[in-house]
Amino acid sequence: MISSSWFWRAFVLAICLSLSSMLGACSGASASQAGRKGLAADSGVRSASRPGDTQALLSDPSIPIELPENYNENNYRRLKMAVFFNDVSVRAGEISPDIVETVSARLQTEMAELKRFTIESIHNRGGMDTMAALHDIGEANLVRPSIDSLQATDLVLSAAVTLTREHHEMWDHDKLIYEVEVDFNCEDVATRTVAIAGKAKGQSVREQALTLKGSRMGGYSDEDERQAIYNACMLALANFARQMGGQYPVGGRVTGMLGNRMTVDRGFEHGITKGMPMVIYTTISGVDLPLAVASATPSEYDSNLVVQRWEDRDPYAVDIVSKMRQDPNWLRTNTLHAVALTASVPPKWEDLPKAGEL
């Protein structure tokens, strides 16, 4: 006996084939017109980049050179962060418990890729109270770092993780959408206040081809589902990294200068990446004054900067830049700093296909 599911899949397939042949007959007549429309649309003047586009800042003189929010020279060092992921919960859909149990460990492992911070992992304990308890009773064996390192921790990150699995039945395939939501809270150890709190989400999609009878081609794979969830985890971490990068922009002190080239005492291991736009600034009479914007090329522990634009509007900045150019020893008696305008996100997190791209 033919199942109703098989009948409807075959019926939809027949309808789609009929529509395809009808549309094909019309496509030749409209192709040249569509081509002309496309050419006309593409030949127009493109809009200017938005001021928020930090890459455009390197070359567009209409965008003012400004310091990023939350820059702080005390935070230009690599900050130490203790990380605690709560038990993972499933909000909707069926996900193998074996996979769910591994998500927390995977997130903590991936956090080590975030070079802006030195990650210290706390397992199955709780946030600031855990840090205080460990220090009070000396349970150093519950945390990887030593007590001295524990006392020097700058931030404590606690996060709750929620997984969602949506199943959408299409006529010839199943679409599975996985979402990982990280609800995080980051506290400053020195002030015992919340520095930043928010949510970071990541989505990935799997498609499972079906036969006309509705059975899965190739069967079902736990490993494919595990990888899809891990991909969503890393996309969520990429969103988290951008938020943390905005709260704690990486920077350093300029230690060398030759024309348009400079050296800053922070590198790849501090979170600086190739091509990262950085604002060069100095402090005059207690005022931080942007002088230029440069692109970075990091080595392990320092970076080369190439100035792409000098500040040419602010008269104070123009005067200082003129003095810098006239005096090769200017840096010996003055101080320059560089601070990044974008967050450092590991490429392996960002290069994954997003849900809308699949």
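The values are calculated or read from the model by the stated rules, or taken from the named source; none is laboratory data. Only a predicted model underlies this, so the values are computations on that prediction, with no experimental measurement involved. Virtual Cβ from ideal backbone geometry, glycine too; neighbours counted across all protein chains shown.
Of the residues in segment 157-174, none is modelled with pLDDT of 90 or more, surrounded by 14 or more Cβ atoms within 10 Å (Cβ to Cβ) and among the acidic types (Asp, Glu). Of the residues in segment 321-337, not one is surrounded by 15 or more Cβ atoms within 10 Å (Cβ to Cβ), in contact with a Ser or Thr (Cβ under 9 Å, 6 or more places away or on another chain) and at positive phi.
Out of the helices (runs of 4 or more DSSP H) lying entirely within segment 277-355, which hold 3 or more residues that are free of Cβ contacts under 8 Å to residues at least 60 places away in the same chain? Of the helices (runs of 4 or more DSSP H) lying wholly inside segment 277-355, those with at least 3 residues that are free of Cβ contacts under 8 Å to residues at least 60 places away in the same chain span 315-326. The set of residues in segment 256-294 being over 28 Å from the mean Cα position of the chain (by Cα) and among the aliphatic types (A, V, I, L, M) consists of Met257, Leu258, Ile284, Val287, Leu289. Would you say Leu237 is touching a strand residue (DSSP E or B) at 6+ places or on another chain (Cβ under 8 Å), of a type in the set (A, V, I, L, M) and under 30 Å from Asp174 (Cα atoms)? Spelling it out, Leu237 is indeed touching a strand residue (DSSP E or B) at 6+ places or on another chain (Cβ under 8 Å), of a type in the set (A, V, I, L, M) and under 30 Å from Asp174 (Cα atoms).
Would you mind stating whether Val254 is touching a Pro at 6+ places or on another chain (Cβ under 7 Å), touching a residue at least 40 places away in the same chain (Cβ under 8 Å) and not in a loop (DSSP other than H, G, I, E, B)? Here the answer is no, as Val254 does not meet what is asked. Leu305 falls short on exactly one of the conditions (1) at pLDDT 95 or above; (2) touching a Phe, Trp or Tyr at 6+ places or on another chain (Cβ under 9 Å); (3) hydrophobic (A, V, I, L, M, F, W, C), and that condition is (2). The set of residues in segment 103-118 that are out of contact with any Asp or Glu (no Cβ under 9 Å at 6 or more places or on another chain), crowded, with 17+ Cβ neighbours inside 10 Å and either modelled with pLDDT under 80 or closer than 10 Å to Val83 by Cβ (or both) comprises Leu107, Gln108, Met111, Leu114. In summary, Met131 fulfils each of the numbered conditions (1) at pLDDT 90 or above; (2) surrounded by 14 or more Cβ atoms within 10 Å (Cβ to Cβ) with the single exception of condition (1).
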